[in-house]
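See structure below.
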Amino acid sequence: MTFDATEFEIDFSCMGVLRPERNGLCREEKHSEDAADSNNLCHIEKAYSTILSELGEDVDREGLLRTPLRAAKAMQFLTKGYKETTQDILNDAIFDEDHEEMVIVKDIELFSLCEHHLVPFYGKAHIAYLPNKKVVGLSKLARIVEIYSRRLQVQERLTKQIASAISEALEPAGVAVVIEAAHMCMVMRGVQKMNASTVTSVMLGRFYDDPKARKEFLTLTLKK
């Protein structure tokens, strides 16, 4: 006895089995070594297909055949920070050093997604810390920004998470973080203010307690 599997509507996607579909959904990534990621990708892909259909689009037309898959992959990339930790990147990059003066890395580009509307906000982060006999590889500060910005965020929390992560990892005398960003939820929709920008800051340790340290950081960081 034989049968045509395409005649059945059973959804095998969560079992890692390819289910034939008219628009090609879930036809890729099924041989990935990470079955969980593969299943997640499939579920996100189908969710995007549903969204497009509910918007009145024909998901079977040529221009949209692979759009749900592309969008799913893009969303996984834009939120990859959920699977990364500061410990993973800092373990071999913290060094003993007899240095106590301010270290600043400024103009670190960042891109994130607003958790309220799932549209981008982007800008620059400026970071400073006062070493307490320990320094970190400078590129790792940018990596910390990347980890927390590649999540669904609000700028206020993002600023605090970056500062807290540096403080916990290095135990410095002080940490300062300023983020300047433009939010597409204010540009593309809502009030539609093209030139609006948002500035947030977090000051820890001596940067909070000592006005002179705070002023030096802000002067060196925000000068044009």
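The values are calculated or read from the model by the stated rules, or taken from the named source; none is laboratory data. A quick note: this is a predicted structure, and the numbers were derived from the prediction, not measured. Don't worry about glycine lacking a Cβ; one is built from the backbone with ideal geometry, like all the others, and counts go over all protein chains shown. With ligands, DNA and RNA removed, areas are computed over all heavy atoms of the protein, side chains included. Shrake-Rupley method; radii C 1.70, N 1.55, O 1.52, S 1.80 Å.
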Checklist entry - Which condition number does Asp98 fail, the rest of (1) open to solvent by 70 Å² or more (accessible area, probe 1.4 Å); (2) in contact with a Lys or Arg (Cβ under 9 Å, 6 or more places away or on another chain); (3) at pLDDT 95 or above being met? => result (3)
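Looking for whichever is under 22 Å from Asp37 (Cβ atoms) and either surrounded by 14 or more Cβ atoms within 10 Å (Cβ to Cβ) or not hydroxyl-bearing (Ser, Thr, Tyr) (or both) here; the options are Thr85, Thr67. Which one fits? Explain how you work it out, then say what you get.
Details: Thr85 fails: either surrounded by 14 or more Cβ atoms within 10 Å (Cβ to Cβ) or not hydroxyl-bearing (Ser, Thr, Tyr) (or both).
Being under 22 Å from Asp37 (Cβ atoms) and either surrounded by 14 or more Cβ atoms within 10 Å (Cβ to Cβ) or not hydroxyl-bearing (Ser, Thr, Tyr) (or both) holds for just one of Thr85, Thr67, which is Thr67.
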Checklist entry - Filter the stretch 168-192 for residues that are part of a loop (DSSP other than H, G, I, E, B) and aliphatic (A, V, I, L, M); which is least open to solvent (accessible area, probe 1.4 Å)? => result Ala173
Checklist entry - at pLDDT 80 or above and under 28 Å from Arg151 (Cβ atoms): does that describe Met75? => result yes
Next on the checklist: I need every pair where a residue in the stretch 62-78 that is free of Cβ contacts under 8 Å to residues at least 40 places away in the same chain and more than 17 Å from Val119 (Cα to Cα) has its Cβ under 9 Å from the Cβ of a residue that is open to solvent by less than 40 Å² (accessible area, probe 1.4 Å) and in a helix (DSSP H, G or I), sequence separation at least 6 or different chains.
Outcome noted: Thr67/Ser49; Thr67/Leu52
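What about Ser49, is it surrounded by fewer than 17 Cβ atoms within 10 Å (Cβ to Cβ), of a type outside the set (Phe, Trp, Tyr), outside the structural domain of Met186 (by the TED database) and farther than 22 Å from Cys185 by Cα? Break it down into steps so the answer makes sense when it comes.
Working: surrounded by fewer than 17 Cβ atoms within 10 Å (Cβ to Cβ): no; of a type outside the set (Phe, Trp, Tyr): yes; outside the structural domain of Met186 (by the TED database): yes; farther than 22 Å from Cys185 by Cα: yes.
When the stated conditions are applied, Ser49 does not pass them.
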Next on the checklist: Of the residues Ser164, Ser149, only one is under 12 Å from the mean Cα position of the chain (by Cα) and of a type outside the set (Lys, Arg); which?
Outcome noted: Ser149
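Using the structure shown, decide if Val199 is part of a strand (DSSP E or B) and either modelled with pLDDT of 95 or more or not hydrophobic (A, V, I, L, M, F, W, C) (or both).
On the way: part of a strand (DSSP E or B): yes; either modelled with pLDDT of 95 or more or not hydrophobic (A, V, I, L, M, F, W, C) (or both): yes.
Considered against the rule, which asks whether it is part of a strand (DSSP E or B) and either modelled with pLDDT of 95 or more or not hydrophobic (A, V, I, L, M, F, W, C) (or both), Val199 comes out as yes.
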